[in-house]
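Here is the structure we will look at.
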């Protein structure tokens, strides 16, 4: 972290002065790690039409936090990660074995997760207000150790992309053809879903449950408006997520308000601009 602090000290901002406001410097590093994660995953979420599924994962993560708090875990985040991963696995199993449409299965899982989370968090007359922070998030509270964990996850996601991107894309576009070519579609989809689950859960406390789904949809949705090929699609999604993340953090610091909401608003503006300049 000393190297990072030394680099940030070179920036022309009052908060970047040496020995000052380490929370802001940690938050900036967290944004530079989190937003590429969402930028990469967003492309497959949009391409696979899994936008509502990523929203349901946020609900499952909240339920996992409630379970962790109820069990008295010192760090309920890990209970949330475990529950979200289990949620992703069960969803893919039910979707594969059911004749119902995917959005119907998502609705069933999402509503169940929300209801269970609210029930457990208010059990025995407990107040729901202790979970209010999860709804809006607080990027300024991020700790260096958590940033390191997110950096490790970013590396693992990049490796996953490098190894199985073609199989993931084929599975999303034509599952039957992927099956015929020996691609294990179920496990490709499950591993990808679990990756989203881990990222959403670990980022939820800083980004905010109410807006975290937008970070998995808007970057790629905007990129799709102007990208002419797959390389541009990923590049524009990644750049849009990172620039919106930095701009949102700065806006939150200087103006006040939720950083997650500010990032989402910048991404919405980015989507609007790409929509207006797109070639019909």
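Could you look through region 59-75, keep only residues that are surrounded by fewer than 18 Cβ atoms within 10 Å (Cβ to Cβ) and free of Cβ contacts under 8 Å to residues at least 24 places away in the same chain, and pick out the one that is farthest from residue 110 (Cα to Cα)?
For region 59-75, the residue satisfying everything is 74.
Considering only residues that are crowded, with 17+ Cβ neighbours inside 10 Å and over 23 Å from residue 214 (Cα atoms), which ones fall in region 169-197?
Of everything in region 169-197, those that are crowded, with 17+ Cβ neighbours inside 10 Å and over 23 Å from residue 214 (Cα atoms) turn out to be 170, 171, 178, 183, 185, 188.
Could you grab the pairs with beta carbons closer than 6 Å, sequence gap of 6+ or different chains, first residue in region 122-145 and more than 18 Å from residue 59 (Cβ to Cβ), second one modelled with pLDDT under 75 and assigned to a loop (DSSP other than H, G, I, E, B)?
Taking only residues 6 or more apart or on different chains, the pairs are 144/1.
Here is a check on your reading of the model: is residue 202 part of a helix (DSSP H, G or I) and either out of contact with any helix residue (DSSP H, G or I) (no Cβ under 9 Å at 6 or more places or on another chain) or surrounded by fewer than 19 Cβ atoms within 10 Å (Cβ to Cβ) (or both)?
So residue 202 does not fit the description; no.
Go over the candidates 209, 267 one by one and state the one that is touching a helix residue (DSSP H, G or I) at 6+ places or on another chain (Cβ under 7 Å), at pLDDT 90 or above and surrounded by 19 or more Cβ atoms within 10 Å (Cβ to Cβ).
None of the other options fit; the residue is 267.
Inspect region 139-151 for any residue being over 30 Å from residue 3 (Cα atoms) and buried (at least 16 other Cβ atoms within 10 Å of the Cβ) and give the result as yes or no.
no
Among (1) in a helix (DSSP H, G or I); (2) out of contact with any helix residue (DSSP H, G or I) (no Cβ under 7 Å at 6 or more places or on another chain); (3) at pLDDT below 80, where does residue 178 come up short?
(2)
Of all residues in region 117-134, count the ones that are farther than 22 Å from residue 211 by Cβ and at pLDDT 80 or above.
Result for region 117-134: 4.
Restricting attention to region 41-58, which residues are under 20 Å from residue 131 (Cβ atoms) and surrounded by fewer than 24 Cβ atoms within 10 Å (Cβ to Cβ)?
Within region 41-58, 55 is the sole residue that qualifies.
The values are calculated or read from the model by the stated rules, or taken from the named source; none is laboratory data. Here the structure is a predicted model, which is why all the values come from computation and not from measurement. So basically every Cβ, Gly included, is an ideal-geometry build from the backbone, and we count neighbours across all protein chains shown.
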